[in-house]
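J.: There's a structure below that I have some questions on.
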Amino acid sequence: MDWRSLLFSFRGRINRAKYWLALLVFLIADIVLGLVGWVLGHALAFQILSFVFNLAVFIAGIAVCIKRLHDRDRSGWWLLLFYFGPFVFVLIGGFIFWAAADTVGMSAEWSYLGLRLCILGGFALVIWGFVEIGCRRGTAGYNRFGPDPLRPRVLPAHR
């Protein structure tokens, strides 16, 4: 698998090592970009370059995570749960248990407890996403998204 298909293709599977390698490349590239910005100053040209670079890293990060989910035999749509689920939990907790507590007559202790439970639920989704994408081994053998990335392909012998 070449770098373009690793970073910008949404099809196929990658193992944990390639996932962590891609994240390391993103981190190093971000550090280099930060150093370039520090040396050059934050001029308009650098801000445009930074925006384009960060957009490319964002798209590549989504592609890499989707391929890891494919390796776990899960649809890429699970990424929505892991990215937006914690935000929704905290938003619901903030709206229902904190902002609307006075209108329904809920005491402050109960509203804070509900808010804390929603924050804890959001944090649990973050941990689950981290473990699911970054730590668990992919499904062994072929699955609906392609061959096992850990099993080498056997090429036919030429005669």
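J.: Select, from Leu33, Leu49, the only residue that is of a type in the set (A, V, I, L, M), over 25 Å from Gly138 (Cβ atoms) and open to solvent by less than 40 Å² (accessible area, probe 1.4 Å).
T.: None of the other options fit; the residue is Leu33.
J.: Just for the range 116-133: of the residues that are touching a residue at least 40 places away in the same chain (Cβ under 8 Å) and surrounded by fewer than 16 Cβ atoms within 10 Å (Cβ to Cβ), which one is nearest to Phe87 (Cα to Cα)?
T.: This residue is Val126.
J.: Do you know which residues across the range 52-88 are out of contact with any Ser or Thr (no Cβ under 9 Å at 6 or more places or on another chain) and among the basic types (Lys, Arg)?
T.: Correct list: Arg68, Arg74.
J.: Checking Gly76 against (1) under 14 Å from the mean Cα position of the chain (by Cα); (2) not in a loop (DSSP other than H, G, I, E, B): exactly one of these is not met. Which one?
T.: It fails just one condition, (2).
J.: What number of residues within the range 134-148 are open to solvent by 70 Å² or more (accessible area, probe 1.4 Å) and in contact (Cβ under 8 Å) with a residue 60 or more places away in the chain?
T.: 3
J.: Also, I was wondering about something else. Only one of these conditions is not met by Arg153: (1) modelled with pLDDT of 90 or more; (2) loosely packed, with under 15 Cβ neighbours inside 10 Å; (3) over 16 Å from the mean Cα position of the chain (by Cα); (4) under 29 Å from Leu24 (Cβ atoms). Which number is it?
T.: That leaves (1) as the condition not met.
The values are calculated or read from the model by the stated rules, or taken from the named source; none is laboratory data. Predicted model only: the values in this text are computed from it and were never measured. With ideal geometry, Cβ positions are generated from the backbone for all residues, glycine too; neighbour counts draw on all protein chains shown. Note: areas computed on protein heavy atoms with side chains; ligands, DNA, RNA excluded. Shrake-Rupley method; radii C 1.70, N 1.55, O 1.52, S 1.80 Å.
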